[in-house]
Every structure is written in C-alpha cells, then in structure tokens.
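Remarks on the structure that follows.
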Amino acid sequence: MMIDVGRMMLEILPEIGLLILIGVVLVLDLFWRKSRKKLGWVSFAGLLLIFVLTLVFVQPARLPQLTWGGMISLDMTGYIFRMIFIAGAALTVLYAIANDSLAGRGEFYLLLLTSTLGMCFMASAADLIMLFLAIETTTVPLFVLAGFLTRDQKSVESGIKYLLFAAMTSAVMLYGFTWLYGFSGTTQLYQIAERLKYGFVPQAAVVAAMMLVLVGFGFKISAVPFHFWAPDVYDGAPYPVAGFLSTASKAAGFAVLARALFVIFPLQTETWTLIVALLSTASMFVGNLLALAQKNIKRLLAYSSIAQAGYILIGVAADSPLGTSGVIYYLSAYLLTNLAAFGIVALVGRAVGSDEISAYAGLSRRSPALALAMLVVMLSLGGIPPFAGFIGKLLVFAAAIERGLIWLAILGVINTIVALFYYLTVLKVIYLYRSEEEDKPLAVSSAAGTALVICIVGIIALGVVIAPLYGWSTDAAATLLFLPR
Amino acid sequence: MGIPVSYYLVLSAIMFVIGILGVLLRRNALVTFMSLEMMFNAANLIFVTFAAYYRVLTGQIFVFFVMTVAAAEVAVGLALMVAIFRTKHSIDLDQMSSLKG
C-alpha cells in the first residue's frame with residue numbers, strides 16, 4: 001500500500017504549523033534578548049496564519065475518515081474545534097502582550113502554543129493512546145502557565161493545586177482506559193465500540209469504566225463535582241491564563257467528552273444521558289448559587305464558568321445532532337465572551353490594583369468603552385439577545401426539549417434567571433456607583449484593545465448572523481455520529 | 001501463563017485504592033506525588049497484563065507513554081514545590097491557603 005505522505009501531512013497541517021511556530025519562538029527567544037516583547041507578535045501572526053491556512057486547506061470530507069494509522073479522525077468536529085482553540089490561543093497571546101509580567105517572557109508563548117497543540121490533537125484523537133497523550137500535552141504546560149509568576153505565592157499555589165487535581169483525575173481516567181482496553185484488546189476508539197457491541201462484557205462493567213473516564217473529562221470541563229480547583233486556580237493564575245483555562249481548555253474537554261460518549265458508548269446511551277443530565281444540573285446550581293455570594297470578580301467568573309459548563313452539558317445530554325451543534329455554537333460564543341471578560345478584568349485589575357467587584361465603581365466614567373464592553377460581555381453570559389450567548393442557550397435548551405428532557409430545560413431557564421442577578425450586579429456597580437478616582441482615565445494598550453474589539457465584534461456577529469457557524473456545527477454534529485471508513 | 005489474569009487485576013485494584021487514599025489523606029506534597037505514581041502504575045499493570053493476555057503490543061506501548069507522561073508531571077510538580085518551599089519553608093498542602101478554597 002502506498003502511503004501518500006504529502007496528503008497525510010496536509011491532514012494535520014494545523015498541528016505541524018503549531019510545531020514549527022513553537023520552534024521559531026524557541027529559537028528567536030535565544031537571539032532577541034532585548035526585544036522579547038516582539039515574540040508575542042510573532043506568535044500572534046503565526047497563529048493567525050495557521051488559522052487562515054487551516055480554514056482554507058484542511059476542510060475535511062463530508063464523511064469522517066481515519067488517518068495516521070487510525071490515530072486521528074478527520075472530520076468536521078476536529079476541524080471546527082481546532083479553529084476554536086487556535087482563535088482562543090491567538091486572543092490569549094494578545095492579552096499576554098498587554099500584561100507587563102508576561103509579555104517579555106518567551107517561554108510563556110512557548111508553553112501556550114504547546115498546550116494549543118495538545119488541544120488540537122484532543123479534538124481529533126481516535127485512539128486511547130493519542131487521546132491520553134493529547135490530554136497530557138494540553139495539561140502539563142497549563143500547570144506551568146498557572147504557576148508562571150513564581151514570585152507571586154498565589155500563582156504558584158494555583159499551579160500546584162491545578163497539577164494535583166489534574167494528575168489525580170487523569171490517573172482515574174487512565175484506569176478507565178485500561179478497563180476499556182481490557183474489555184476489547186484494542187485502543188482504537190471505533191474498534192472498542194465494535195467489540196463492546198459484539199463482546200460478552202457485562203453492562204455494569206462498561207458503565208463503571210465509563211464513570212472512571214468521565215472523571216477525567218469532568219475535571220477538564222470543571223463540572224460539579226470535579227470543580228473544586230476552578231475558583232482557586234482562576235484566582236491565582238495570571239489573567240490571560242485564567243481566560244485560556246476557562247475557554248479553550250474547557251472546549252477541548254467537551255470535544256473529547258462528546259466524542260468518547262458518542263463513539264464508545266452508543267449502547268449505554270440511556271445511562272450516560274442521565275449521568276450527564278445530573279452533572280449538568282449540579283453544575284448549574286452549584287455554580288450559580290456560589291457565584292451569588294462572590295465579592296471577587298475572578299472568583300465570580302470561575303463560578304460562572306462552572307455554571308456555563310452545566311448549560312453546555314445540557315446539549316451533550318440531549319444526545320442529538322441539534323444538541324451537539326448547540327454545544328459547539330455555545331462553546332464558540334463562550335470562548336469570545338469569557339476571553340473578553342478576563343481581558344477587561346485584567347485591564348481594570350492592573351489600573352485599580354484590585355479584583356474586588358467594588359473596585360469597578362465609576363468604571364463607566366473612567367472608561368466608557370470598557371464599561372460598554374463589559375455590558376456586552378455580561379449580557380452575553382447571561383443569555384440576552386442579540387448577543388452570542390443567547391443563541392447558544394437557545395440551541396441547547398431547544399435540543400433538551402426536542403429529546404423530551406423538559407425538566408432539564410426548565411432547570412436551565414431557572415438558572416439563567418438566577419445568573420442574570422449576579423451579572424447585572426456587576427453592571428450596576430459599573431454604571432451606577434461612583435468613586436473618587438473616576439476622573440482618571442483608564443489606559444488600554446493596543447494589543448488588549450485589538451483583542452477586545454475582536455471579541456466584542458465576534459459576540460455581536462455570532463448573535464446576529466447565525467447561519468454560517470450553525471451550518472458548520474450541524475455538519476460537525478452529523479459526522480460525530482457516523483462511523484468513519 | 002502460570003498466574004491467572006484475575007490476580008494481576010486484584011493487585012492493580014489494591015494499588016489503585018492505596019494510591020487514591022494516599023492522595024486524598026496525606027498532606028505532604030511529596031507523599032501525594034508518590035501516591036499519584038502508584039495510581040499510574042496500577043493502570044500500567046493492567047495494560048501489561050492485557051497486552052500479554054491478548055498477545056497485542058498496544059498495551060505495552062501505552063505503558064511507555066504513561067511512564068513518560070508521569071515523569072513529566074512529577075518534574076513540573078517538583079519545580080512548583082521548590083518555588084513554594086522558597087517562600088514557605090514547608091510543602092504541607094494544608095498550609096497552601098493563600099487562596100481561599
């Protein structure tokens with residue numbers, strides 16, 4: 001059999017591009033000793049180039065295919081999630097350039113790009129070995145990124161907490177993988193599914209293996225009860241890292257969660273939809289109720305992101321094309337929204353020197369543009385039209401109703417209302433409260449400004465022009481349910 | 001094969017439980033890391049067992065990757081611990097409380 005190396009290379013073009021970019025950043029870091037800040041722009045330009053190249057050249061066929069010896073599945077899901085990760089990384093790089101303690105550090109960009117590389121593989125992995133390696137390639141750089149500011153005790157502590165939780169959950173997940181391997185004698189996801197279907201493995205054992213695997217994925221998406229790390233890590237990690245963790249890393253978790261559940265466990269659908277629905281309910285309630293009590297904006301966003309994971313899980317629990325496309329739409333909208341939120345929090349935090357919500361008093365007078373951006377972000381997180389968050393919520397709730405999970409949709413709507421309370425409280429402080437420093441304008445650097453403008457335009461665009469992304473995510477949802485050839 | 005597969009599985013389950021209890025109960029960060037290693041090795045044992053049982057190599061290859069990854073994780077963890085030790089002169093996990101949780 002002839003192996004077409006050129007075509008195989010093209011199939012993993014984004015990953016190869018990222019690897020080359022990592023090499024370039026590593027080498028330039030050695031030579032540009034005085035102007036390392038430029039490394040950020042190099043990374044950004046590289047990511048932009050990879051994004052465009054992926055968009056044009058890596059468009060997969062309609063039917064999914066296995067490639068690289070069955071390690072990678074080429075389909076719309078992998079394609080669209082890679083774009084989400086690369087976009088998230090590019091925006092995070094822009095925020096890092098605006099952050100004085102990160103901008104001049106070449107290794108920051110290096111680790112961020114490595115993590116993105118791992119995520120790209122997570123989105124398309126079709127083999128347990130590939131999946132495990134991709135998850136670890138994503139997570140290990142994130143430990144370092146969370147603990148990046150070694151002089152800041154909070155940062156180091158958040159790094160080690162993230163590491164302990166991640167290592168423990170991934171060990172549990174790996175134990176689940178060993179069971180799947182034991183049941184089937186193969187590590188290829190689609191072959192495992194085949195052999196589970198025709199094998200004589202007791203249902204209870206398969207469900208137990210599924211629970212073990214779900215622990216690892218639940219950690220990545222910070223769903224309750226695997227959420228304990230999130231508030232502490234977001235609080236201690238540098239702002240751009242917290243944003244990246246809450247968006248791209250979460251999206252990667254959902255990509256593998258959906259693929260694993262749909263591909264390996266199609267026979268246990270009734271069990272896992274119930275489990276996912278329960279995880280979703282718990283995440284929504286715990287996230288929203290604890291967020292109500294928060295005085296610190298980073299912790300508020302952390303609990304809000306736990307609740308958002310709950311809404312997205314509704315789409316997974318629906319186990320339908322509409323639900324899955326809702327998940328993808330929601331994740332894209334959430335990526336832009338939460339990255340903008342952490343960008344604004346970083347700017348205000350640096351200017352005011354505090355992350356308390358009370359420090360946002362008078363922001364509408366210090367910087368009307370930032371206040372307006374925060375308004376868009378909070379309303380989008382709360383699910384108010386015409387912003388992107390509304391469409392995401394609409395799709396996942398509609399999917400739940402379509403599949404008869406009406407109780408779940410109702411709980412979701414109730415939680416949306418609870419969540420609006422704390423999102424609007426932040427806006428109240430920004431717009432109605434006065435402070436003594438409100439005549440001092442707030443400086444926004446060009447990098448952070450660019451990133452914010454991209455995010456805000458994206459939020460409004462995804463909220464108004466629904467068709468293109470919805471079409472793509474519907475294609476992706478359809479391919480996820482097919483067996484590849 | 002002289003020893004039945006179930007013996008290996010039981011041993012691995014015992015190792016896994018000891019590991020998980022160690023992570024949850026011990027407060028010394030170094031002991032926690034050793035317990036994590038125990039959990040990874042419990043998984044490795046199952047991989048090797050089934051690789052021998054099915055006579056396919058994928059399980060053994062998986063073990064190589066797991067060992068590499070576990071080493072990388074511990075390397076990063078030790079680096080972070082050194083950074084903490086510099087300021088606190090302790091690696092007791094209960095004392096890492098400058099974050100509220």
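So here's what we get for this one:
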quantity: Per-residue Cβ neighbour rank within 10 angstrom, fewest leading, A:Leu180, A:Leu322, A:Leu278; calculated: A:Leu278, A:Leu322, A:Leu180
quantity: Calculated P(r) of the stretch A:2-481 - Cα pairs past 32 Å, %; calculated: 35
quantity: Residue (of A:Leu39, A:Leu19, A:Ala61) at the positive-pole extreme of the stretch A:5-111, dipole from beta-carbon charges; calculated: A:Leu39
quantity: Residues B:Tyr7 and A:Phe200, FRET efficiency given R0 of 25 Å [Cβ-Cβ distance, rounded to 0.05]; calculated: 0.70
quantity: Shielding score for B:73-81, defined as the mean number of other chain Cβ atoms within 10 Å; calculated: 6
quantity: The stretch A:47-90: C-alpha pair distances exceeding 17 Å, %; calculated: 34
quantity: Fraction of alpha-carbon pairs over 18 Å apart in the stretch A:237-288 - percent; calculated: 49
quantity: Packing-based order for B:71-78, A:210-217, B:22-29, A:287-294, using average beta carbon neighbours within 10 Å, highest first; calculated: A:210-217, A:287-294, B:71-78, B:22-29
quantity: Under the Karplus curve 6.51 cos²θ - 1.76 cosθ + 1.60, θ = phi - 60°, whole-Hz ³J(HN,Hα) for the stretch A:404-419, x wherever Gly or Pro sits; calculated: x, 8, 5, 4, 5, 4, 5, 4, x, 5, 4, 5, 4, 5, 4, 5
quantity: Where labels lie 7 Å past Cα in the beta-carbon direction, separation of A:Val24 and A:Ala61 in nm; calculated: 3.2
quantity: Sequence ranges A:380-390, A:49-59, A:7-17, A:310-320, ranked by mean other-Cβ count within 10 angstrom, highest first; calculated: A:310-320, A:380-390, A:7-17, A:49-59
quantity: ³J(HN,Hα) computed for each position of the stretch A:37-42 - Karplus, 6.51 cos²θ - 1.76 cosθ + 1.60, integer Hz, glycine/proline x; calculated: 4, 5, 4, x, 5, 4
quantity: Linear extension gain, A:Glu436 paired with A:Asp100, 0.36 nm per residue minus alpha-carbon span; calculated: 118.3 nm
quantity: Test item: Cα-centred dipole of the stretch A:2-481, Lys/Arg +1 and Asp/Glu -1 on Cβ, debye; calculated: 640
quantity: Calculated [θ] (222 nm, deg cm²/dmol) that DSSP helices of n ≥ 4 give over chain A, each run adding -39,500 (n - 2.57); calculated: -25500 deg cm²/dmol
quantity: Cut-off under 5 Å, modelled amide H: who pairs with A:Ile72 long-range; calculated: A:Thr67, A:Ala126
quantity: Three-way shape label, the stretch A:223-345, alpha-carbon gyration tensor, a/c 1.5; calculated: prolate
quantity: Inter-centroid distance (Cα atoms) of the stretch A:333-390 relative to the stretch A:239-276, Å; calculated: 27
quantity: When each of A:Lys154/A:Lys393; A:Lys34/A:Lys161; A:Lys154/A:Lys220; A:Lys34/A:Lys250; A:Lys154/A:Lys298; A:Lys250/A:Lys298 is checked by Cα-Cα distance, pairs over 24 Å; calculated: A:Lys154/A:Lys393; A:Lys34/A:Lys161; A:Lys34/A:Lys250
quantity: The stretch A:393-409 and the stretch A:411-485: distance between their alpha carbon centers, rounded to Å; calculated: 21
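Quick note: the coordinates plus some simple rules give every number you see, no bench work behind them. Predicted, not measured: the structure shown is a model, and the values here were computed from it. Reconstructed Cβ throughout: ideal geometry from the backbone, glycine too, with neighbour counts over all protein chains shown.
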